[in-house]
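For reference, the structure discussed in these notes is given below.
What follows draws every value from the coordinates through simple rules; no lab data is involved. Computed from a predicted structure; not experimentally measured. When we count neighbours, we look across all protein chains shown, and the Cβ atoms used for this are built from the backbone with ideal geometry, even at glycine.
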Amino acid sequence: MIARDKSAKYLRSVRPGLADLFASVVFASFAGLPLLLLLLRSFSKNWFWPDIFPHEFSLRSWMYIFDPASGIPAAMGVSVVIALAVAALSLAISVPAARVLALEEFSGKRFCILLLMLPVLAPPLASAMGLHAAFLKIGLTDSILGVVLVHLIPAAPYCTLMLMSSFSNFDPDLEGQARTLGASPKAVFWHVTLPAIAPGMAVAAGFAFLVSWSQYLVTLFIGGGRVLTLPMLLIAMQRGGDAAATAAIAIIFLAPTVLVLVVVARYLKPLS
């Protein structure tokens, strides 16, 4: 009887783990299958319907996308520079804004939060069309700086909303205690405030990077076709009909997303 009870308890403890494992396998299968097909397509030479697998493989597409003459490495560099700049500027804007919105009570706070969410809810292209005329007058169209500024429209609100959650769990009394002990405002920020909100900043910066990395229409609109980023070349390649090269570029395009998610996952536990 005792052995039977122990067996029943063991089964009850194992079943949730098996259910989680099964769910993880199913999710990984659905998420990984498209990536596997992209990988096969990028190495395929001739792959036509109704063949299940390609009959010939080639490195042509990968050699092409890493060839400087193709312009793809340069576009990758431009995309990385723009996305990093957008992530840094978004943090610079969102940290003080999120602190005020999360910790302070003032008249019109809900209206400010609504205004903050408008760029997230509205299509960024609508804002870009309004900015295009202003950018034309001050010479920011067809420039990397103009593209960075227009990418801030959807990225900065995301950062602010995410950091509001971090500041809502922050105790300002810790800063007061540090100042009482003689710490300067700079030391208080670096040794008290920053460590407390660092996980939220990492998550916010990662998502701001991805928001900028994936922009196509606003980049085309403000960049005028002169600021070439990886999404623009991906769309052009897809329309050109080279399926293998398109698949290879798509894998490169997805790589930062996977990397950011892996890095962000390290900070999800401290945020919970």
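Radius of gyration over Kirkwood radius for region 127-272, both on Cα atoms: the Rg/Rh ratio is 1.11.
Give the calculated FRET efficiency between Ile235 and Ala265 to the nearest 0.05, with a Förster radius of 41 Å applied to their Cβ-Cβ distance. Present the calculation step by step, with values, prior to reporting the outcome.
Values: r = 30 Å, r/R0 = 0.72.
Using R0 = 41 Å, I get an efficiency of 0.90.
Region 194-236 and region 77-114 have Cα centres spaced 15 Å apart. Packing order of peptides 71-83, 218-230, highest average first: 218-230, 71-83 (average count of other Cβ atoms within 10 Å over each peptide's residues).
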